[in-house]
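J.: Submitted below is the structure of interest, expressed as structure tokens.
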Amino acid sequence: MLIPLELAQLSAQLSDLSSHDIEVAETLIGVIRFLLIFVAARTLAEILVRFQLPTILGELVAGVIIGASGLHLVVPPETQVHLSEGFNALIAGLASIPPESIPEIYNETFPSLQAVATLGLYALLFLTGLESELDDLVAVGGQAFTVAVAGVVLPFALGTAGLMVFFDVDLIPAVFAGASMTATSIGITASVFGELGYLKTREGQIVIGAAVLDDILGIVILAVVVSLAAGGSFSIAPILKLVAAAIIFVVAAVGLSRTAAPAFDWLIDQLKAPGEVLVASFVILSFSCFAATAIGLEAALGAFAAGLILSGSKHNHAIQQAVLPIVTLFATIFFVLVGAGMDLSVINPIDPASRSALVVAGFLLVIAIVGKIAAGWAFVSDQPTKRLVVGLGMMPRGEVGLIFLGLGTSAGLLSPSLEAAILLMVIGTTFLAPVLLRLVLGGDKPDGGDTVDDTVAADPVGLV
């Protein structure tokens with residue numbers, strides 16, 4: 001870590017450089033970061049997809065390899081990890097500036113990369129809301145609701161209480177870690193059910209409906225926790241105010257999906273210039289993020305709500321197709337940066353000081369699995385239902401869990417060991433769920449007699 005005297009010396013050196021040389025260095029750094037991110041992410045994604053595993057995990061692992069825990073090529077400034085000497089020497093030689101000046105230029109330009117990653121996060125959450133089949137919730141509404149509530153309450157309560165009681169974790173980090181276990185990846189579960197022919201069964205629709213509700217409840221909890229953490233207190237009045245605001249915000253978004261979507265469709269029909277669907281959608285996205293932030297909530301909740309609002313649009317498919325390339329590019333950057341900021345040295349099993357973090361990770365993984373499987377028994381049904389299938393279908397955290405982790409990291413709520421523990425929990429549940437579902441359902445065929453007419457598109461985002 002640089003001391004103030006060293007920083008002053010570097011600033012003096014930069015002031016002696018020509019603006020052209022600095023601009024060349026900034027351009028080279030920006031371009032090579034994009035090159036490293038996309039090549040590493042796609043390479044790992046191509047490997048994982050051949051094993052029928054979520055490509056999003058490849059993006060995360062790519063970040064770990066090129067980031068603070070690996071080659072030190074893409075290093076967020078807050079990690080305080082030194083850049084690779086080879087990286088410094090390459091940029092310095094090409095830009096004709098001293099190598100010791102490169103880290104400061106690198107850190108000054110990093111916020112622009114983070115801004116692009118944030119756009120990818122908002123676009124991904126927008127697409128998640130857009131894919132939410134609200135009508136499907138009605139068909140299995142009661143069962144889906146109870147499964148969703150149990151799937152949120154059990155991991156959240158057990159995880160938060162366990163971290164505080166057994167591991168002496170502070171309240172806000174413990175609550176955030178508990179909140180990170182509430183999510184369910186719609187894309188991963190829908191893809192596995194679709195592959196096995198179970199998507200239209202009662203079990204499949206209960207899980208999909210509950211996963212949608214889980215995302216809503218989880219993101220509401222996340223918005224409340226991050227907002228409270230920013231204020232530095234955890235008193236009852238602000239909690240109730242934020243929870244009420246978040247619930248009203250989401251309920252309003254669901255209501256607007258019925259009333260505002262037709263007005264949006266009319267507007268799209270009137271526009272003739274190219275790109276009207278994408279631009280109009282991002283206007284709604286931006287306004288919703290602004291509105292959420294203005295009332296004290298997370299912009300991420302606004303992005304998800306914008307997707308819910310437009311989920312009832314007749315142009316839903318066209319919006320998804322327009323937004324998908326942005327998600328593919330920019331959400332990749334977001335997940336790579338999440339991995340790049342991870343310090344996995346805190347879970348080194350060889351180091352005795354790191355073993356406590358591994359114990360925390362094991363605890364979170366067990367609670368994450370048990371909490372969701374138990375949710376499969378949390379509903380009443382007079383028709384035969386494979387409850388273990390429902391529980392296993394709720395298990396994978398996938399991209400939603402990583403979104404939670406990324407927001408917690410960017411908000412500075414988590415210690416390095418807790419970050420790593422949550423990361424292992426997300427990876428563990430995401431890997432295990434498809435495997436266990438295939439083992440449980442692989443030899444069975446749905447009877448076809450107890451299905452719901454509507455289907456949910458399996459993984460249009462390309463997460464698996």
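FYI, it's all coordinate maths here, none of it is from the lab. As the structure is a prediction and not an experimental result, all values here were calculated from the model. Positions of Cβ are generated from backbone atoms using ideal geometry, with glycine treated the same way; all protein chains shown enter the neighbour counts.
J.: Pick out, in residue order, every one of the trypsin sites (Lys or Arg not before Pro) in the range 244-350 that is DSSP loop and has at most 16 other C-beta atoms within 10 Å; say none if there are none.
T.: Those that pass, being in a loop and sparsely packed, are 272, 314.
J.: Between residue 46 and residue 243, what FRET efficiency comes out of the Förster formula 1/(1 + (r/R0)^6) with R0 = 60 Å and r the beta carbon distance, rounded to 0.05?
T.: Efficiency for this residue pair is about 0.90.
J.: Right, another one. Can you give me the Cα centroid spacing of the range 145-175 and the range 41-103 in angstrom?
T.: Result: 33 Å between the Cα centres.
J.: Right, another one. Roughly speaking, what is the centre-to-centre gap between the range 278-340 and the range 405-439 when only Cα atoms are used, to the nearest Å?
T.: Each part reduced to its Cα centre gives a spacing of 23 Å.
J.: Take the alpha carbon gyration tensor of the range 281-431, find the square roots of its eigenvalues, order them as a ≥ b ≥ c, and report rounded if a/c is under 1.5; if not, report prolate when a/b exceeds b/c, else oblate.
T.: oblate
J.: Considering only 60, 31, 107, whose Cα is most displaced toward the positive end of the charge dipole of the range 29-110, charges sitting on Cβ of Lys, Arg (+1) and Asp, Glu (-1)?
T.: Result: 60, furthest along the dipole toward the positive end.
J.: Turning to a different aspect of this structure: Among 318-325, 108-115, 292-299, 388-395, what's the highest-first ranking by average C-beta atoms within 10 angstrom per residue?
T.: 388-395, 292-299, 318-325, 108-115
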